[in-house]
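Structure first, then comments.
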Amino acid sequence: MPRNRKKQDSPLSVGSWIRAALLCLLLGVTAMGYVWQKSQIHQLGTEVRKKEVRLELIKGDNDRWQQLRAEMRSTQKLYDRVRKLGLGLTMPQPEQVLRLSDLPLDAKELKQSKPGEYRTVANEPRRERP
């Protein structure tokens with residue numbers, strides 16, 4: 001007995017259309033995510049290169065400032081600057097130099113410490129001076 005055409009199953013049902021649409025959607029979202037990640041990687045690479053160039057410029061500036069500081073701290077430059085400004089400063093006489101010691105008055109001379117050794121001076125009560 002021949003079958004009725006109306007009762008035959010269609011080769012593509014609604015469920016297969018939904019599965020195909022979901023598969024296409026999944027592939028599309030995956031492709032968009034891949035492109036977005038690639039653009040982010042490119043953008044971050046560009047930012048890193050810009051920051052590396054800026055770092056090199058700052059290092060160069062730092063070297064120049066250190067050299068200028070060293071020149072300004074040199075004694076010859078300081079003497080020339082004092083002479084140029086006419087401040088009338090001279091080297092102090094030996095009797096004008098005051099040397100300060102952080103040892104107590106009754107402390108005896110200390111031997112040099114060995115590397116890594118920590119020592120302190122034992123403070124004894126001061127004796128009254130006559």
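The values are calculated or read from the model by the stated rules, or taken from the named source; none is laboratory data. All figures in this text were calculated on a predicted structure; none of them were measured in a lab. Note that we place each Cβ from the backbone using ideal geometry, even for glycine, and neighbour counts take in every protein chain shown.
General remarks:
- Tally, over segment 70-79, of residues that are part of a helix (DSSP H, G or I) and either surrounded by 10 or more Cβ atoms within 10 Å (Cβ to Cβ) or acidic (Asp, Glu) (or both): 6
- Scanning segment 80-104 for residues being surrounded by 10 or more Cβ atoms within 10 Å (Cβ to Cβ) and modelled with pLDDT of 85 or more gives a total of 4.
- Among residues of segment 49-75 that are free of Cβ contacts under 8 Å to residues at least 12 places away in the same chain, those with a Cβ under 9 angstrom from a residue that is surrounded by 10 or more Cβ atoms within 10 Å (Cβ to Cβ) and of a type outside the set (S, T, N, Q), sequence gap 6+ or separate chain, pair up as Glu71/Lys77; Met72/Leu78; Met72/Arg81.
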